[in-house]
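Asker: Okay, handing you the structure first.
Quick note: the coordinates plus some simple rules give every number you see, no bench work behind them. Small disclaimer: the values here were computed from a predicted structure and weren't measured. Cβ coordinates were reconstructed from backbone atoms using ideal geometry, including for glycine residues, and neighbour counts include every protein chain displayed.
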Amino acid sequence: MKVVCWLLTGFIGLSLTTAAGAWEQGDRSNYNNKMALLGVLLEGAKERAQARGDIETLCLLLSIGKDVTTSYVNVAPNNQQINQRLVEMNNDLDRCLSILQKTAFKP
C-alpha cells in the first residue's frame with residue numbers, strides 16, 4: 001500500500017528545515033522512532049489485510065500514526081514536511097475507513 005512506501009521513504013533523507021533546540025531534536029527523534037516502529041507494524045497489517053481481509057488492524061495502525069503525527073505537529077507546527085505527511089495520513093486513513101465501512105455492509 002502507498003502508506004508504507006511514503007512512510008519509509010520519508011525517513012530517508014528526513015532533515016529539519018529550521019534551527020532547533022535540543023528539546024525539539026529530541027521530539028523529532030522520538031517521532032521518527034515511533035514512526036519507524038509503526039512502519040514495520042503497518043507492513044504486517046498490510047499483508048494481513050491482503051491475505052485475510054483484516055482491514056480493522058490496518059485502519060487502527062493508520063489512526064495511531066495519524067495521532068502520533070498530530071501530536072508532533074502540535075509541538076512543531078512550522079514543519080511543512082510533517083504537516084504534509086499528516087495530510088497524506090488523513091487521506092490514507094479516510095480511504096481505509098471507507099473500505100472498512102464497505103466491507104462491513106457486505107452480506
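Asker: Restricting attention to region 86-96, and to residues there that are surrounded by 15 or more Cβ atoms within 10 Å (Cβ to Cβ) and out of contact with any Leu (no Cβ under 8 Å at 6 or more places or on another chain), which single residue is farthest from GLY39 (Cα to Cα)?
Answerer: ARG95
Asker: Across region 66-77, what is the total count of residues that are among the charged types (D, E, K, R) and buried (at least 16 other Cβ atoms within 10 Å of the Cβ)?
Answerer: Number of matching residues: 1.
Asker: Mind listing whichever residues of region 44-65 are part of a helix (DSSP H, G or I) and surrounded by fewer than 17 Cβ atoms within 10 Å (Cβ to Cβ)?
Answerer: Result: GLY44, GLU47, ARG48, GLN50, ALA51, ARG52, GLU56, THR57, LEU60, SER63, ILE64.
Asker: Okay, moving on. Any idea which residue in region 72-100 is farthest from LEU42 (Cα to Cα), counting only those that are without any contact (Cβ under 8 Å) to a residue 24 or more places away in the chain and over 12 Å from the mean Cα position of the chain (by Cα)?
Answerer: PRO77
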